[in-house]
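Colleague: Below is the structure I would like to discuss, written out as structure tokens.
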Amino acid sequence: MTEVDLPHKPAAAPRRLDPEDAQHALAEVQELLRRQELVASLVHRQEEGDTRQDLVEQLVQRQHEAELKALVDGLHPSDIAFILESLPKDERQAVWKLVSSEHDADVLLEVEDWVRESLIETMNRQDLVAATENLDADELADLAPDLPADVVAEVQKGLTDEERAQLLEAMGYPEDSVGAIMDFEMVRVREDVTLEVVLRYLRRLHELPNHTDQIFVVDRQDKLQGTLPLSTLLVSEPETAVRDVMTTDYLTLAALDSDADAAGAFERYDLVSAPVVDDQGRLIGRVTIADVVDVMREDSQEQALSRAGLQEEDIFAPVAMALRNRAPWLLFNLCTAATASFVASRFESTVSHIVILAFLMSIVAGIGGNSGNQTMTMIIRALAVGRITGRNLWQLVKRELLVTLLVGLCGSLVAALFAWTISGSVSIALVMMAAMICNMLVGASVGVLVPMLRDRFGKDPAIGSSVLLTFATDSLGFFIFLGLATVFLL
């Protein structure tokens, strides 16, 4: 039976807050910071150089810092991270200085990358070493890209040869791979021992690694032979051999697999943990549901930002940084809007003769965009979970076009009725109906093609997709509607 490297035993953890309590704590922190700033400004208005005023300011500041520290010390690290992410940089760093040093590492692991950088900037080398020296190899690998090289080198000196090898291995995997999120804490046993021996072994441990729902059965070369669920261990007879009750039908992951694929497997098979093996079938780590939830959350956030052409940024980042992030796609969007306006201007004579068209054409463009957005959302989601293949692509395209056509027929009847009501013209109503159906089909086509083409060329299918969709439905929507009006109404 092999030994297991247990995590360092943490100090008593503060209570975890639910989201509403965390927001309440954020409000309290902001109020204390506001009061501290208000008192400081009032004191500064007094006569400068007055020793008594300086003393009052110091006492008030210490009182507020004590209240803040007492509040923060009662929070769970994940809730402290939430508060830090919600504060401007100056206030964030002021609160960070009050966080107990024993929670520094946990908070650094919890906060987003863009906040972590600003927190590490305020810490000296000694504090960084103290915060990270007790981290596990996989946790240290998560922080290593943001830590100074000399700090990482110093922390490595305190690791065992096995931990150092694990750290170098974890740092060597691509960012979006299973190897980058796997941990090395797991319980392994041999198949030729009894369950009683396994139970005695577990009792010797201070605690089980987090999210342990199964024990991994390996041979003397560490090749994975099966898994032993804890539920089976608890209900089986102690004299039973591990090989007689272990599960041989299990899912394994490779270190170079995509973390998104691993997340899909966890979702599909309702897993709590899964083993990671190398090319020879040797057990090298495991992925837990906690790691997968982080991957899902990050992917969801990235998709939401990518569709608007944005990258993740500090919500309190300097204006110049925000401009670099947002300006490119906004300028592109400006060009697409100008193109749509140019298309509409080519039909100036049509609109001048039938003024009501100017009020109706925005409906055609808007409905086409909304329809395409629905299709695009479904396609991006299907691509993310790997449900689109070369065999089902054409079938999917035909289905989306058929659904859009049927929805367009129903919606266009309502739009035609509205156009007839305000214009009193059946011809305008029919043109409105035809243009709306055509533009909805355009939106559906673009909603399928843009993500698929970007995915085919190895690009993120969500990046800028909504901007491209709006360009197509606005420009072609105006062209179709006003073009039909020119042909049939003039």
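Colleague: Taking residue 106, is it open to solvent by 30 Å² or more (accessible area, probe 1.4 Å), outside any helix (DSSP H, G or I) and modelled with pLDDT of 90 or more?
Modeller: For residue 106, the condition - open to solvent by 30 Å² or more (accessible area, probe 1.4 Å), outside any helix (DSSP H, G or I) and modelled with pLDDT of 90 or more - is not met.
Colleague: Can you name the number of the only condition in (1) touching a residue at least 60 places away in the same chain (Cβ under 8 Å); (2) crowded, with 20+ Cβ neighbours inside 10 Å that residue 431 fails?
Modeller: Condition (1) is where residue 431 drops out.
Colleague: Please specify each residue of segment 373-391 satisfying the condition of being closer than 22 Å to residue 259 by Cβ and either open to solvent by 80 Å² or more (accessible area, probe 1.4 Å) or in contact with a Phe, Trp or Tyr (Cβ under 6 Å, 6 or more places away or on another chain) (or both).
Modeller: 381, 387
Colleague: While we're on this one: I'm trying to understand the selection: among the residues of segment 445-464, which are among the aromatic types (Phe, Trp, Tyr) and buried (at least 21 other Cβ atoms within 10 Å of the Cβ)?
Modeller: none
Colleague: Okay, next question. Hey, can you tell me all the residues within segment 333-352 that are within 38 Å of the chain's Cα centre (by Cα) and at pLDDT 80 or above?
Modeller: Selection gives 334, 335, 336, 337, 338, 339, 340, 341.
Colleague: In the set 115, 99, which member is crowded, with 19+ Cβ neighbours inside 10 Å and either touching a Cys at 6+ places or on another chain (Cβ under 9 Å) or assigned to a loop (DSSP other than H, G, I, E, B) (or both)? Let's see the steps before the verdict.
Modeller: On the way: 115 fails: either touching a Cys at 6+ places or on another chain (Cβ under 9 Å) or assigned to a loop (DSSP other than H, G, I, E, B) (or both).
When all the criteria are applied, what remains is 99.
Colleague: Let me ask another. Can you confirm whether residue 232 is in contact with a Leu (Cβ under 6 Å, 6 or more places away or on another chain), surrounded by 14 or more Cβ atoms within 10 Å (Cβ to Cβ) and in contact (Cβ under 8 Å) with a residue 12 or more places away in the chain?
Modeller: Working: in contact with a Leu (Cβ under 6 Å, 6 or more places away or on another chain): no; surrounded by 14 or more Cβ atoms within 10 Å (Cβ to Cβ): yes; in contact (Cβ under 8 Å) with a residue 12 or more places away in the chain: yes.
Considered against the rule, which asks whether it is in contact with a Leu (Cβ under 6 Å, 6 or more places away or on another chain), surrounded by 14 or more Cβ atoms within 10 Å (Cβ to Cβ) and in contact (Cβ under 8 Å) with a residue 12 or more places away in the chain, residue 232 comes out as no.
Colleague: So, in segment 352-372, of the ones that are among the β-branched types (Val, Ile, Thr) and open to solvent by 50 Å² or more (accessible area, probe 1.4 Å), which residue ends up farthest from residue 486 (Cα to Cα)?
Modeller: Within segment 352-372, the subset among the β-branched types (Val, Ile, Thr) is 354-356, 363-364, 367.
With the extra rule that they be open to solvent by 50 Å² or more (accessible area, probe 1.4 Å), the set shrinks to 355, 363, 367.
Numbers: 355: 13, 363: 18, 367: 21 Å.
Of everything passing the filter in segment 352-372, 367 is farthest from residue 486 (Cα to Cα).
Colleague: Could you tell me which numbered condition residue 198 fails, if it satisfies all but one of (1) β-branched (Val, Ile, Thr); (2) more than 24 Å from residue 265 (Cβ to Cβ); (3) open to solvent by 20 Å² or more (accessible area, probe 1.4 Å)?
Modeller: With (1) β-branched (Val, Ile, Thr); (2) more than 24 Å from residue 265 (Cβ to Cβ); (3) open to solvent by 20 Å² or more (accessible area, probe 1.4 Å) applied to residue 198, the lone miss is (3).
The values are calculated or read from the model by the stated rules, or taken from the named source; none is laboratory data. For clarity, every value in this text was computed on a predicted model and none was experimentally measured. Ideal geometry is used to build each Cβ from the backbone, glycine not excepted, and the neighbour counts take in all protein chains shown. In case anyone asks, the SASA skips ligands and DNA or RNA and just uses the protein heavy atoms, side chains included. Shrake-Rupley method; radii C 1.70, N 1.55, O 1.52, S 1.80 Å.
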